[in-house]
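Readers should treat all values here as calculations from the given coordinates under stated rules, not as data from a laboratory. Note that this is a predicted model, so its numbers are computed, not measured. Cβ coordinates were reconstructed from backbone atoms using ideal geometry, including for glycine residues, and neighbour counts include every protein chain displayed.
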Protein chains: 2
Amino acid sequence: MPEYKLHCFAQSGNAYRAALMLNLIGAKWEPVFVDFFAGGETRTPKYRAEVNEMGEVPVLVHGERKLSQSGVILTYLAERSGKFRPEGEDERLEALRWLLFDNQKVNGYLGPYRFLVNWAKPAPHQAVLDFLKARIVNALGITDKRLSARPFLIGDRPTIADVSLSGYLFYPAEEFGFDIGQDYPAIAAWRERIKALPGWKHPYDLMPGHPMPAAGEGT
Amino acid sequence: MPEYKLHCFAQSGNAYRAALMLNLIGAKWEPVFVDFFAGGETRTPKYRAEVNEMGEVPVLVHGERKLSQSGVILTYLAERSGKFRPEGEDERLEALRWLLFDNQKVNGYLGPYRFLVNWAKPAPHQAVLDFLKARIVNALGITDKRLSARPFLIGDRPTIADVSLSGYLFYPAEEFGFDIGQDYPAIAAWRERIKALPGWKHPYDLMPGHPMPAAGEGT
């Protein structure tokens, strides 16, 4: 029986951070599919009462523990496994710094942007996409500059800050309408280093729910 | 000579978190005014090279250390002072969970929304305000429900999660165009508990730059 269960679905980059971490540390885990798109599961009172009051994925279940927020899950798994763990006060503060920046400004904006581009009904107003895109460009520029000076966010080895940054950065360029790899060379090079880590998998190979059934198909 | 210096300005709720924490723990500190509005200081190459590559306030200077991201500053000050510090693994993970949620979804959206409403030029598109407002309503609703069941975010005493949540929640209602205190009674009650803490001050009494000179006035 797997040690961990992860509530997730393939299209969520927030869930991908946790799924990727589980794979990278070699944990025994299984996904619990959350029907976000067809069933609106995260918005149901049942999900909010029993799984996560924040109405989000991912949620990690480990024995009696139920943890939400990917940054919490990464911290917990790093402390338990000793892998991707920042060491000492300086590294811990620096990893937390990039984790917060990522959650608010990098993947924190990439996620909603990609959702609006691909799945929002009614279609989003162009002004909203332009607003988010400008903030994404700023945040990716800062990240690219950071990674141009060192192989991983806080130095020579990958930590949970890098696992967090992976969130939406491995999804196909056509889902964003722009190519992060082409526009940000240091992020592109970092992405190759992350892909080379043992256990790395693409989000669509790691979590259930891809491809989605076409509209009208199935339930 | 003050032990801490904080790069900040009065209108920044992100900086307020750090300034409030310094006051609540009784630290000796002084503000370093950042000319965000008239001078665009956080966007200058000098600021990004010498103060914060992320182009943000707050930045805390303590001896040789220079810390950015309010969540990092709160963590650091809690560990040094022993005040507002979550204790044990469960509390640490739970405080981090609310800190991340706040940074991404509560104050993470309230800050840009209030900026657009009051200071953006050209004026923002209504669709952008509507997009942000819907996300703010969702996040404040989750927070209000949480605080209706306990006095502070993670239980019976205030922690850095509450100091973080304070970010934009004490600025005047007219700066948002809606009254958080009226719409969210549990947040309103929590706010009174925070205001009662020794050392609490309003952001405009704690950081420099308020009121702003009228357009055309001064430099």
Helical mean residue ellipticity (222 nm; -39500 (n - 2.57) per DSSP H run of 4+; nearest 500) of the protein assembly as shown: -14000 deg cm²/dmol
Relative exposure of B:Tyr168, A:Tyr204, judged by other C-beta atoms within 10 Å (fewest first): A:Tyr204, B:Tyr168
Per-residue Cβ neighbour rank within 10 angstrom, fewest leading, B:Met54, B:Met1, B:Met21, A:Met207: B:Met1, B:Met54, A:Met207, B:Met21
Relative contact order %, the range A:1-156, counting alpha carbon pairs below 8 Å whose residues are six or more apart: 19
Rough spin-label spacing in nm, given labels placed 7 Å along Cα→Cβ, for B:Ala173 and B:Lys46: 4.2
In Hz, Karplus ³J(HN,Hα) per residue of the range B:32-41 (6.51, -1.76, 1.60; θ = phi - 60°; x = Gly, Pro): 10, 5, 9, 8, 5, 7, 6, x, x, 4
Reachable aspartates and glutamates, given that their alpha-carbon falls under 20 Å from the alpha-carbon of A:Lys145 and they are not under 8 places away in the same chain: A:Glu91, A:Glu94, A:Asp102, A:Asp156, A:Asp162, A:Asp179, A:Asp183, A:Glu192, B:Glu41, B:Glu50, B:Glu53, B:Glu56
Residues with amide H under 5 Å from that of B:Val32, placed H, sequence gap 5 or more: B:Leu6, B:His7, B:Cys8
Relative contact order, percent, the range B:88-195 [alpha-carbon distance under 8 Å, six or more residues apart]: 32
Separation in nanometres of the label points that stand 7 Å from Cα toward Cβ, at A:Ala149 and B:Leu197: 3.3
Number of partner chain Cβ atoms within 10 Å, mean per residue of B:22-34: 0
